[in-house]
1. Being surrounded by 24 or more Cβ atoms within 10 Å (Cβ to Cβ), over 15 Å from the mean Cα position of the chain (by Cα) and either within 11 Å of chain B (Cβ to nearest Cβ) or assigned to a loop (DSSP other than H, G, I, E, B) (or both), is that true of even one residue in segment A:34-42?
2. Exactly one condition in (1) surrounded by 12 or more Cβ atoms within 10 Å (Cβ to Cβ); (2) within 14 Å of another protein chain (Cβ to nearest Cβ) is false for residue A:220; which is it?
3. Considering segment A:260-273 alone, what residues qualify as being assigned to a helix (DSSP H, G or I), free of Cβ contacts under 8 Å to residues at least 40 places away in the same chain and either more than 7 Å from chain B (Cβ to nearest Cβ) or buried (at least 19 other Cβ atoms within 10 Å of the Cβ) (or both)?
4. If I filter segment B:418-437 down to residues being closer than 20 Å to residue A:48 by Cβ and under 40 Å from the mean Cα position of the chain (by Cα), which single residue comes out as farthest from the other protein chains (Cβ to nearest Cβ)?
5. Being part of a loop (DSSP other than H, G, I, E, B) and within 7 Å of chain B (Cβ to nearest Cβ) is the filter; apply it to segment A:49-79 and report the residue that is farthest from residue B:212 (Cα to Cα).
6. Looking at (1) buried (at least 24 other Cβ atoms within 10 Å of the Cβ); (2) more than 8 Å from chain A (Cβ to nearest Cβ); (3) within 23 Å of residue B:319 (Cα to Cα); (4) under 22 Å from the mean Cα position of the chain (by Cα), which is the only condition residue B:198 fails?
7. Output the number of the condition that residue A:217 fails; it satisfies all remaining conditions of (1) assigned to a loop (DSSP other than H, G, I, E, B); (2) touching a helix residue (DSSP H, G or I) at 6+ places or on another chain (Cβ under 9 Å).
8. Kindly indicate whether any position in segment B:494-508 is assigned to a helix (DSSP H, G or I) and either in the same structural domain as residue B:406 (by TED's automatic domain parsing) or surrounded by fewer than 21 Cβ atoms within 10 Å (Cβ to Cβ) (or both).
């Protein structure tokens, strides 16, 4: 069983924060007893986008920023498929920002795992939407001039069905969060803090480890409290399930999907032509 | 018999309602009907008109002259009066125009007053006008009554009865007062087919091809496809999603196609410009997709509600990288139906993007077309699934094959995994930078598939003289227009039309009859609704044949048969 999730050899830098994320995912899938063929991972471009190649599953490694629309298309025609979208912070919060807003609104039963290393890795060290103001780079020589995006607060504000933050340095807890996200019925955003050991000299393993803590005694159904937790950043960074609600998913609101996945639906040309074309009176 | 009715007025006055009910009534009475619309990019006000041409013989374009003008306001009279034919009549309501006209070709009908008196509601004014037209034409009321009953049935019996009374009042008034009306409408029977516009035909073609997913962002003039798909979604099992933008729309469709169903998206030029990145994605991942591009004049926002054929080279060459595609440009709603079907078939069979290139003129023109023939609809499921897939020892999504086409499996259907990547990938679908694999993948995608695709492409349609001295070259929506122009000129010239609807891969020319007709014509004139002869450029790059004479139109309005006839004559006489 453990071999079932062994994929290609990763091309990430040694010590990359993506390794524990990959291991957590494999462990979560095994513990949930999911088989690779029951799963489709849609990924974008960036170091995170390579993840599905390093495990085994149905894979659509698409374009930078476009993971969510592809995942939406997959899920809407085959709701039986487990669909996970894997993206980076630039990928999902920058290039694909508009898709994120509307994916949260639709509430399709997709799991979005964002590898948030607060930097662009694949293009070698430029600022990402979540980079902190103290960070300087080749393209931001005076330091970042924009406020960092707070994806957790954004998602809570949009009443996202499931909002959580994990940390690559706490692999066991990250695995549990992944399992919870996959088991949740609704759109799930799991933002994963993940150090880029090559380019991000600010948000390192030790920087995160000093600040990150597991949420305790938090009621994720309480939206006001969730928003307060979402705003915490700096000396203390909470991880865990921050917000959840049981909104109806889009698949339930599309009447024809009650009859089963469209991928298995029979096609009857004659019925269509009889109803439409041989009746000139419409 | 060949009459043109025009309904003119402001947006929001019910022009489309009158035009729609009249077209349906004429079709049901057994006439061939052609209708088109001229409207402004606004919801109320402005000046819009709806033109219906009907005849006992097939009609497929508009004429310049108007035989019966329904003017819903003063501008309606002022803008179109000059186009009235010798025996033509104008119908108007002095209450709406604010002016009275005392001429023998003008019939004042108190539309509003009759609507209030007889229809019990001023809203029945459109029904009064529609019935007055039927009365002026000297036709029977029976078919109109049927159409009214069906149109208003869902609004309740009272509304039906009010409209029927309003109709009788308008009809009787016109019959009694229009002493000059000399229209001769022969009795015909049995509808000749169905009335479809280009957008409806594309949508119906998609549905009849088993399309299960349509995503788009509204954009004139392509929105009619989205509306039609949405109206049939529950009946035929289609997910129709209005995306947040066109980038989302094409990526959703690609996701749905990857997951195992036939999928489509559509837009106009500006929206399609946003989809270009996704086009290249579909090509790289060899995910079948059909894209409807309904052109309007550009650049940028251009003329949103008007027509042009200026996106041909854009659609043909856009998308980063090199990959094959299919481009069809139907000339009629009938072609739109069958070519959309063929686009779905080729897209899935060869795993390439396929375009249906239409325009506002075709999108909004309704033609009488023959009942759709199931024998002519292609449907073969090219996807690998079930036992056939399960029995394979190994499955490779992008396996190298003689045809360049790899088996297209449905993910999740068996334990075989389906892997693909927008990066260059190996046979299994995993990212690779290997030079040899890259070379073989390019050869597979481009060199192997393209010649096979080309074999599927039909030659152009030739209409008119077998050995024409004058050849009118055209493509896409101008088909009916040029065909009727050839009819008009065929007693004076040895003339023919050569119409291309399957544009890419370009039809085989070497040794083909059509190409020798082209080479042997003394005068070869292109007719394109653009400024830069885009089709002629394509023809030249594919065949080296150089067209030297051109008729272009780029004011956003379609030609009428009379206008094009005049242009062709001027061109021919200009350089004898």
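The values are calculated or read from the model by the stated rules, or taken from the named source; none is laboratory data. What you see is a predicted model; the values in this text were computed from it and never measured. No Cβ is skipped: glycine too gets one built from the backbone with ideal geometry, and neighbour counts run over all protein chains shown.
1. no
2. Failed condition: (2).
3. A:264, A:271, A:272, A:273
4. For segment B:418-437, the residue satisfying everything is B:424.
5. For segment A:49-79, the residue satisfying everything is A:56.
6. Going through (1) buried (at least 24 other Cβ atoms within 10 Å of the Cβ); (2) more than 8 Å from chain A (Cβ to nearest Cβ); (3) within 23 Å of residue B:319 (Cα to Cα); (4) under 22 Å from the mean Cα position of the chain (by Cα) one by one, residue B:198 breaks only (3).
7. Evaluating residue A:217 over (1) assigned to a loop (DSSP other than H, G, I, E, B); (2) touching a helix residue (DSSP H, G or I) at 6+ places or on another chain (Cβ under 9 Å) leaves (2) as the failure.
8. no
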